Amino acid sequence: MLHNLEAEIARRHIKKKEIAEAINVDEKTLWNKINCVTAFTMPEATAIKDTFFPTIDLQYLFASDDEEAINSK
């Protein structure tokens, strides 16, 4: 799961429907991507960052649980 992305969405009170529309996917597909069932493409990730989180680092936003575990060692 992409916990950082989830947290930033919640902090800013952004509706997931808005994010799904911004990257032209349905809400189920967005759910799959946030939960790492499928991957975000680089254009999707960049669009989300640029549209909703322009001041937040892309790598931070899209860090998976596995990456966070590695980086904390």
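The values are calculated or read from the model by the stated rules, or taken from the named source; none is laboratory data. Everything quoted here is computed from the prediction, not taken from an experiment. Note that each Cβ is placed from the backbone with ideal geometry, even for glycine, and that neighbours are counted across all protein chains shown.
Is there any pair linking a residue in segment 52-65 that is in contact (Cβ under 8 Å) with a residue 12 or more places away in the chain to one that is surrounded by fewer than 17 Cβ atoms within 10 Å (Cβ to Cβ) and part of a helix (DSSP H, G or I), with Cβ under 9 Å and at least six apart or on different chains, and which? Qualifying pairs under 9 Å: Phe52/Glu18; Phe52/Ala22; Leu58/Thr46; Ala63/His3; Ala63/Asn71; Ser64/His3; Asp65/His3. Of all the criteria given as (1) modelled with pLDDT under 95; (2) among the basic types (Lys, Arg); (3) surrounded by 13 or more Cβ atoms within 10 Å (Cβ to Cβ), the one not satisfied by Lys73 is (3).
Residues of segment 11-46 that are farther than 19 Å from Gln59 by Cα and outside any helix (DSSP H, G or I): His13, Ile14, Lys15, Asn24, Val25, Asp26.
For the criterion of being within 12 Å of Leu5 (Cβ to Cβ), surrounded by 13 or more Cβ atoms within 10 Å (Cβ to Cβ), aliphatic (A, V, I, L, M) and touching a helix residue (DSSP H, G or I) at 6+ places or on another chain (Cβ under 9 Å), Ile56 passes. Quick check: is even one residue across segment 15-36 touching a residue at least 60 places away in the same chain (Cβ under 8 Å), within 18 Å of Ser64 (Cα to Cα) and among the hydrophobic types (A, V, I, L, M, F, W, C)? No, there is no match, as no residue in segment 15-36 is touching a residue at least 60 places away in the same chain (Cβ under 8 Å), within 18 Å of Ser64 (Cα to Cα) and among the hydrophobic types (A, V, I, L, M, F, W, C).
Conditions tested, residue by residue: (1) among the polar types (S, T, N, Q); (2) surrounded by 13 or more Cβ atoms within 10 Å (Cβ to Cβ); (3) modelled with pLDDT under 95.
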site: Lys17; (1), (2), (3): no, no, no
site: Ala20; (1), (2), (3): no, yes, no
site: Pro43; (1), (2), (3): no, no, no
site: Thr46; (1), (2), (3): yes, yes, no
